[in-house]
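These notes are about the structure you will find just below.
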Amino acid sequence: MVDDPKSALVQLKEYELCRYCLARQAGYAGKRRVDKCHICRGLFDKLDEIAEKALAAAGQYQFDTFLVGATLPTQLFEREDALRARLKIRGKESIKSQLTRELGQRLARMTGKRVDFSRPDLTVNVAIDREGNVDAVARARPIALQGRYTKKIRGLPQKRERCPMCEGKGCSLCDNTGFYGNNSVEGILAKHIVKATGGQSPRFSWVGSEDQNSLVLGSGRPFYVKISDPRARILKKKRFSEAGVTATITGALDDLPDTQARFAVRTKIACACSRPVAQDDIARLKSLAGKEAKFASRSKVASKKIHSAQGKETGDSEFTLTIKADGGLPIKQFVGGEEYMEPNVSALFGAKCECVTFDILSVEIQGSA
């Protein structure tokens, strides 16, 4: 192994090396000028040009931290490896490491941003081919956002099928949303969030769900979304409305939650009964408060607590039931008593009842599961 810089310089004299490539081998650059470096073939003479291309790629993005990567021709590594093997030079910096370090320093001066090796906002990859042609591509670290939405029209489903062309990855057909059309809450949110961030392929995580004929009122239903390759990391517009859906972005996260949050939902249920409804029936609805509703779910018995219950007669055979219960209670099954559900409204009345519609009045996050 060559440890003495002077000894290394003597052995390296037979090679034409630029000051960068010489410094990697001997730890000392000197003031050498060569016509064509044996290892890099003039690559390091183009550092400013390469940095300009990296800057142009990064200029499309909003970022505070960055990291530069590089893809180089294998011939550069082969020439350096052969030289080091012959002269028994080991443990020195690689040409790729030196190049990315030099480019990182230049890009930091040009942008006023800083290099981050652990979690950069932006990664700029410089690709150099055998002929010395340079290409630079930037890609941003995904961002995760949390928000709430309200829905004030019926007939609009929460979720939408993936785009048939890209299968949810984002393409020109779906405007990089991953969804075909906007006739769903998910499609509407995706369109506006992609527009606000300049990103693509939004991936949603919902705090509960509702029927397509349900309204979502109050402060709305919470949701989380992760956006790939965002141009903007800080949103200028955080509230938008379309087709009866209004959403507000309430904050940013490091990532989507690993677990489903515990939550409680206050729901107003419009019900119909197979017989006229009496005042005693309405009074009995209060007895549901404090009960644990048990039902079959995915081959096991699930349990959701009913925190409060209050009924109101609205017609001869019609009534409303307003309950606050743990999130995940199947409302239609709770009213109709289909399959296994104990307690249920039909059993309480001793007559067949059904859910006509139900609306979400509030969704309260209580903590992690």
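The values are calculated or read from the model by the stated rules, or taken from the named source; none is laboratory data. Predicted model, so just to flag it, every value in this text is computed and none were measured. Cβ sites come from the backbone with ideal geometry, for glycine too, and all protein chains shown count toward neighbours.
Looking at the range 174-181, can you tell me whether even one residue there is farther than 17 Å from TYR224 by Cβ, hydroxyl-bearing (Ser, Thr, Tyr) and touching a Lys or Arg at 6+ places or on another chain (Cβ under 9 Å)? Yes, the conditions are met somewhere in the range 174-181. Just so you know, in the range 32-46 the residues that are at pLDDT below 90 and either in contact with a helix residue (DSSP H, G or I) (Cβ under 7 Å, 6 or more places away or on another chain) or among the aliphatic types (A, V, I, L, M) (or both) include one that is farthest from ALA82 (Cα to Cα), and it is ARG32.
Considering each residue of the range 158-179 in turn, none proves to be assigned to a strand (DSSP E or B) and modelled with pLDDT of 90 or more.
Residues that are among the β-branched types (Val, Ile, Thr) and over 15 Å from the mean Cα position of the chain (by Cα) occur in the range 145-152; there is at least one. Which residues, taken from the range 207-241, are touching a Pro at 6+ places or on another chain (Cβ under 8 Å) and part of a strand (DSSP E or B)? Result: TYR224, VAL225, LYS226, ILE227, SER228. Look at LYS96 and say whether it is of a type in the set (Lys, Arg) and under 28 Å from GLU364 (Cβ atoms). When the stated conditions are applied, LYS96 does not pass them.
Listed by position, the strands (runs of 3 or more DSSP E) contained in the range 257-318 that have at least 1 residues being more than 14 Å from SER346 (Cα to Cα), within 33 Å of the chain's Cα centre (by Cα) and at pLDDT 95 or above are 261-273, 300-315. Within the range 98-115, the presence of at least one residue that is surrounded by 15 or more Cβ atoms within 10 Å (Cβ to Cβ), among the hydroxyl-bearing types (Ser, Thr, Tyr), out of contact with any Pro (no Cβ under 6 Å at 6 or more places or on another chain) and under 30 Å from ILE227 (Cα atoms) is confirmed.
When the criteria are applied in full, PRO202 meets the requirement of being surrounded by 14 or more Cβ atoms within 10 Å (Cβ to Cβ), under 18 Å from the mean Cα position of the chain (by Cα) and assigned to a strand (DSSP E or B). Counting only helices (runs of 4 or more DSSP H) that sit wholly inside the range 37-117, not one has at least 1 residues that are assigned by TED's automatic domain parsing to the domain that holds ARG231, among the basic types (Lys, Arg) and under 27 Å from the mean Cα position of the chain (by Cα). Would you check if ILE249 is in contact with a Cys (Cβ under 8 Å, 6 or more places away or on another chain), in contact (Cβ under 8 Å) with a residue 12 or more places away in the chain and crowded, with 18+ Cβ neighbours inside 10 Å? No: the conditions fail for ILE249.
Anything in the range 163-196 that is among the charged types (D, E, K, R) and surrounded by 16 or more Cβ atoms within 10 Å (Cβ to Cβ)? List them, or say none. Let's see the steps before the verdict.
First, the residues of the range 163-196 that are among the charged types (D, E, K, R): 167, 169, 175, 186, 191, 195.
Matches in the range 163-196: ASP175, GLU186, LYS191.
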